[in-house]
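Undergrad: One structure coming up, written as structure tokens, with questions to follow.
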């Protein structure tokens, strides 16, 4: 598979910031052995039943609705950013499967908006990008803010498993949850990042779910982002990837050129794959663990068959308090 030579490269836009990333997971913590058909699915996928090999650990289930999860993570972001919900002028809402259809989507959006406290925010829904939805949403928000179409964009992704028989797939164990961040012209709150560049690559012939994740697409995205940023791959301080099975992530990302030290595999065992939210979840957890450095470069990235999306961030230095005059 080769990409067209005329593929559009990543474009460097005016300074835009990603701030106050937050996430929530399903309130029910369960061991992977609670998945009723785990053994059957492993046999079906020809996977040796070795938890330590794959990174099978805990999963998170929820009894909450998609909109309740979205509101919870979004409100956490708004609070951490110190933002007035009425001042947020755009909401990008992502999910791999919005419930119902056109007759119910208005009510769904209303519950999310009113729950967050949004007043007159333009709403865009994203779903067809599957587990790259969140990063596609962040790239969209980046472009909107850089173009001065909107000033403060709240990006939220929310997903849950509705059929327990498919909580295990041949690439991951799924957890329920939601993640959010604020994309704006100025940094907000105490944890912010400048968006340096972003890129996507697709191979339409490989988009069917039965195909494998492509390391070549990842290399293409790396090249586009690094060219735009004037950087080399070893200058990226950390890769925030999806929490798929450990051998799969290690193989595909190493083939894409990353080193083992650039990966973050801990959350695979902690709670598995939370749909599109993983890169932001991993960013939040690494920051909380003190593993991110001011000025460091961190790549949010996610792949599905036939598609790769990534966003390069540079961690901002903590704001210096204004002490005023003595």
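The values are calculated or read from the model by the stated rules, or taken from the named source; none is laboratory data. This one's a predicted model, so the numbers in the text were calculated from it and none came from an experiment. With ideal geometry, Cβ positions are generated from the backbone for all residues, glycine too; neighbour counts draw on all protein chains shown.
Undergrad: Could you say which residue among 69, 134 is buried (at least 17 other Cβ atoms within 10 Å of the Cβ), out of contact with any helix residue (DSSP H, G or I) (no Cβ under 8 Å at 6 or more places or on another chain) and not assigned by TED's automatic domain parsing to the domain that holds residue 203?
TA: The conditions single out 69.
Undergrad: Collect the residues in the stretch 189-203 that are in a loop (DSSP other than H, G, I, E, B) and in contact with a strand residue (DSSP E or B) (Cβ under 7 Å, 6 or more places away or on another chain), keeping them in residue-number order.
TA: Once the filter is applied, which keeps residues that are in a loop (DSSP other than H, G, I, E, B) and in contact with a strand residue (DSSP E or B) (Cβ under 7 Å, 6 or more places away or on another chain), the stretch 189-203 yields 189, 191.
Undergrad: Please find, among 162, 158, 140, 124, the residue that is surrounded by fewer than 23 Cβ atoms within 10 Å (Cβ to Cβ) and in a strand (DSSP E or B).
TA: 124
Undergrad: Follow-up question, since we're still on this one. Of the numbered conditions (1) more than 29 Å from residue 49 (Cβ to Cβ); (2) more than 16 Å from the chain's Cα centre (by Cα), residue 254 satisfies every one except a single condition; which is it?
TA: (1)
Undergrad: For the condition outside the structural domain of residue 27 (by TED's automatic domain parsing) and surrounded by 19 or more Cβ atoms within 10 Å (Cβ to Cβ), what is the one hit in 167, 224?
TA: Of the residues listed, the single one that is outside the structural domain of residue 27 (by TED's automatic domain parsing) and surrounded by 19 or more Cβ atoms within 10 Å (Cβ to Cβ) is 224.
Undergrad: Being closer than 28 Å to residue 117 by Cβ and over 16 Å from the mean Cα position of the chain (by Cα): is that true of residue 184 here?
TA: yes
Undergrad: Based on this model, can you work out whether residue 154 counts as within 20 Å of the chain's Cα centre (by Cα), at pLDDT 95 or above and under 30 Å from residue 295 (Cα atoms)?
TA: yes
Undergrad: Picking from 101, 107, 117, which residue would you name as being without any contact (Cβ under 8 Å) to a residue 60 or more places away in the chain and on the phi > 0 side of the Ramachandran plot?
TA: Criteria check complete, one pass: 117.
Undergrad: OK, next. How about the stretch 76-86: which of its residues are touching a helix residue (DSSP H, G or I) at 6+ places or on another chain (Cβ under 6 Å) and touching a residue at least 40 places away in the same chain (Cβ under 8 Å)?
TA: Passing the criteria: only 78.
Undergrad: Then there's this: Of the residues in the stretch 262-314, how many are assigned to a strand (DSSP E or B) and touching a strand residue (DSSP E or B) at 6+ places or on another chain (Cβ under 9 Å)?
TA: The total comes to 16.
Undergrad: Can you tell me which residue is surrounded by the fewest Cβ atoms within 10 Å (Cβ to Cβ) among those in the stretch 248-261 that are closer than 21 Å to residue 289 by Cα and touching a helix residue (DSSP H, G or I) at 6+ places or on another chain (Cβ under 8 Å)?
TA: Per the stated criteria, the residue is 260.
Undergrad: Could you tell me whether residue 239 is within 28 Å of residue 27 (Cα to Cα) and part of a helix (DSSP H, G or I)?
TA: Spelling it out, it is not the case that residue 239 is within 28 Å of residue 27 (Cα to Cα) and part of a helix (DSSP H, G or I).
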